[in-house]
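Asker: One structure follows; several queries about it will come next.
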Amino acid sequence: MRVVPKRPSIEDVGLEKYLNDSKALHNGLGYAEFVQRVELQEPKTVIAKAFNVEKQTIYRWIEIFGKKS
């Protein structure tokens with residue numbers, strides 16, 4: 001039986017590194033843009049659309065971001 005190694009989670013690599021390394025997936029947006037939009041209290045739906053992800057993903061990123069503080 002072949003064991004497939006678990007991919008590191010966003011929490012494992014860090015939200016900042018993840019977002020900066022995956023800008024191509026998120027319309028060229030990275031960590032700085034994410035933080036700015038969260039701090040401006042932009043609606044989650046708007047952030048999700050900008051980053052090309054589901055709204056639930058934004059809630060998860062915010063949860064991870066909150067653990068950093």
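Asker: Tell me, please, whether a residue that is touching an Asp or Glu at 6+ places or on another chain (Cβ under 8 Å) and touching a residue at least 40 places away in the same chain (Cβ under 8 Å) can be found in segment 22-35.
Answerer: No; the residues of segment 22-35 include none that is touching an Asp or Glu at 6+ places or on another chain (Cβ under 8 Å) and touching a residue at least 40 places away in the same chain (Cβ under 8 Å).
Asker: Condition first: in a helix (DSSP H, G or I) and over 14 Å from the mean Cα position of the chain (by Cα). Now tell me which residues in segment 1-44 satisfy that.
Answerer: Once the filter is applied, which keeps residues that are in a helix (DSSP H, G or I) and over 14 Å from the mean Cα position of the chain (by Cα), segment 1-44 yields only 39.
Asker: Could you say whether any residue in segment 3-14 is free of Cβ contacts under 8 Å to residues at least 24 places away in the same chain, surrounded by 13 or more Cβ atoms within 10 Å (Cβ to Cβ) and hydroxyl-bearing (Ser, Thr, Tyr)?
Answerer: Within segment 3-14, not a single residue is free of Cβ contacts under 8 Å to residues at least 24 places away in the same chain, surrounded by 13 or more Cβ atoms within 10 Å (Cβ to Cβ) and hydroxyl-bearing (Ser, Thr, Tyr).
Asker: Let me ask something else. Could you tell me whether any residue of segment 48-55 is part of a helix (DSSP H, G or I) and loosely packed, with under 13 Cβ neighbours inside 10 Å?
Answerer: Among the residues of segment 48-55, not one is part of a helix (DSSP H, G or I) and loosely packed, with under 13 Cβ neighbours inside 10 Å, which makes the answer no.
Laboratory data are not the source of any read-out in this text; all were calculated from the coordinates shown. The shown structure was predicted, so the numbers you read here are calculated from the model rather than taken from an experiment. As a convention, Cβ positions derive from the backbone with ideal geometry for all residues, glycine included, and neighbour counts pool all protein chains shown.
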